[in-house]
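No lab work stands behind these numbers, since they all come straight from the coordinates. Source: prediction; values computed, not measured. Glycine also receives a Cβ, built like all others from the backbone with ideal geometry; neighbour counts cover every protein chain displayed.
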Amino acid sequence: MESLDEEMPNRSHRFQILSLNGGGIKGVFTAKVLEELEQKYCKDDNSVLDHFDMICGTSIGGIIALGLAFGQTPSQLLEHLKSRGAEIFPPRSFLHNFVRRFYAPLYDPAPLRALLEAIFGDATIADLKVPLIIPAINTTTGSPKAFKTSFLPTFTIDQRFKLVDVALATSAAPTYFPLHKINGARYADGGLIANSPALMGVHEAMNCLRVDAKNIHVLSIGTMSSGFSIDQNLSANGGYLINFTKIKSFKIFNSVYSGLWGGGKNLISLTMSANEAMHNFMCKQIIADRFIEIEAKPNEQQVRNIDLDKASIEALEILESNGTHAASNMMVELDKQKIFNHFGNRTIMDHREG
């Protein structure tokens with residue numbers, strides 16, 4: 001039997017990681033950025049993924065990562081999100097959501113499952129031919145979970161898992177969707193621990209594949225979710241649902257449901273935004289300017305119109321237009337670092353042929 005050291009390849013060449021953040025329907029921004037990059041840089045039927053050695057994705061970023069690894073194009077994934085977004089996140093009245101949060105997640109996962117089954121069918125992680133990492137939380141054990149393809153011979157446990165299940169696990173955002181069960185264990189959204197999975201990718205490259213930090217390049221694509229903060233006008237003593245200092249009229253449902261944590265909504269968004277910032281900062285400390293981030297910060301008007309569960313025509317237009325603009329703005333840096341001159345090394349997966 002080979003030792004672990006013998007199984008771990010020594011990679012001294014350039015190693016590129018594509019990292020896709022979480023953010024619900026705001027993944028339309030991510031998909032649009034990828035579409036713009038593919039149209040600009042990919043020729044002769046090459047895909048954007050062909051230029052990366054590893055892909056990491058969290059929540060909607062995980063769904064997009066799985067889709068790319070399965071052979072979907074950014075344009076196809078973008079169309080899926082735009083055409084099915086309102087089914088996955090149906091618009092409902094304020095009162096409906098207020099009441100529903102007391103006893104159930106806001107959304108039924110059936111429309112999302114139907115979309116995923118249409119894309120992936122019964123395919124499993126074993127069907128993917130690219131090094132891939134998808135974070136989630138195993139709530140049964142209280143442990144972080146990284147679903148991985150077998151880019152090392154010892155990575156065998158996850159290979160039987162269906163892509164549909166992995167996608168539902170990484171995107172099971174608390175209060176929005178129910179926990180997802182796989183083989184008796186329940187999973188929650190990976191965005192709670194790694195809304196930006198870039199650092200996980202760097203860690204795996206350095207510690208599992210022995211890539212020197214100076215050879216690692218990361219392209220991280222956001223969802224217009226960074227920098228979320230709590231409204232300073234809310235009382236610091238506001239509760240999970242209620243903020244009495246905001247009740248100034250009989251329009252109770254317009255004011256009472258502005259508790260500091262918004263019935264869990266603000267808590268989830270703040271957690272994801274803060275850990276995204278922390279992980280990206282740590283990643284930059286390790287690989288310096290070889291970390292490239294494509295992101296856009298919404299203005300005040302846009303903040304009111306976009307959210308991880310807002311799939312209105314207006315929201316989708318904002319996300320798409322910002323994706324186009326953000327991709328265009330970073331092309332000089334992408335050219336400077338020769339990101340799309342590189343082609344991913346798929347020999348990492350060759351051991352599976354034996």
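Quick one: which of Lys82/Lys181; Lys145/Lys284; Lys181/Lys338; Lys40/Lys129; Lys214/Lys297 span more than 32 angstrom between C-alpha atoms?
Numbers: Lys82/Lys181 27 Å; Lys145/Lys284 23 Å; Lys181/Lys338 42 Å; Lys40/Lys129 24 Å; Lys214/Lys297 29 Å.
Beyond 32 Å: Lys181/Lys338.
How far is the Cα center of segment 129-177 from the Cα center of segment 265-341, in Å?
Segment 129-177 and segment 265-341 have Cα centres spaced 23 Å from each other.
Please figure out what share of the DSSP beta bridges in segment 88-212 is antiparallel and state it in percent, rounded to the nearest 5.
Among the beta bridges of segment 88-212, antiparallel pairing accounts for roughly 100 percent.
By how many nm would the segment from Glu333 to Phe70 grow when fully extended, if each residue of separation counts as 0.36 nm and the alpha-carbon distance is taken off?
Details: separation 263, 0.36 × 263 = 94.68 nm, distance 2.82 nm.
Stretched fully, the Glu333-Phe70 segment lengthens by 91.9 nm.
Give me log10 I(q)/I(0) at q = 0.15 Å⁻¹ for segment 272-339, Debye formula, one equal scatterer per alpha-carbon, no solvent.
One equal scatterer on each Cα of segment 272-339 leads to -0.65.
Would you mind getting me the FRET efficiency between Glu300 and Thr154? Use the beta-carbon distance for r and R0 = 51 Å, nearest 0.05.
Once rounded, the FRET efficiency stands at 0.55.
Mind checking the full-extension length gain between Met278 and Glu79? Use 0.36 nm per residue of separation minus the Cα-Cα distance, one decimal, nm.
Between Met278 and Glu79, full extension yields an extra 68.5 nm.
Taking all pairs of distinct Cα atoms, average 1/r, flip it, and tell me the Kirkwood hydrodynamic radius of segment 155-213 in Å to one decimal place.
13.0
What does a probe at Asn138 reach in segment 176-213, counting residues whose amide N is under 18 Å from the point 7 Å along Cα→Cβ?
179-194
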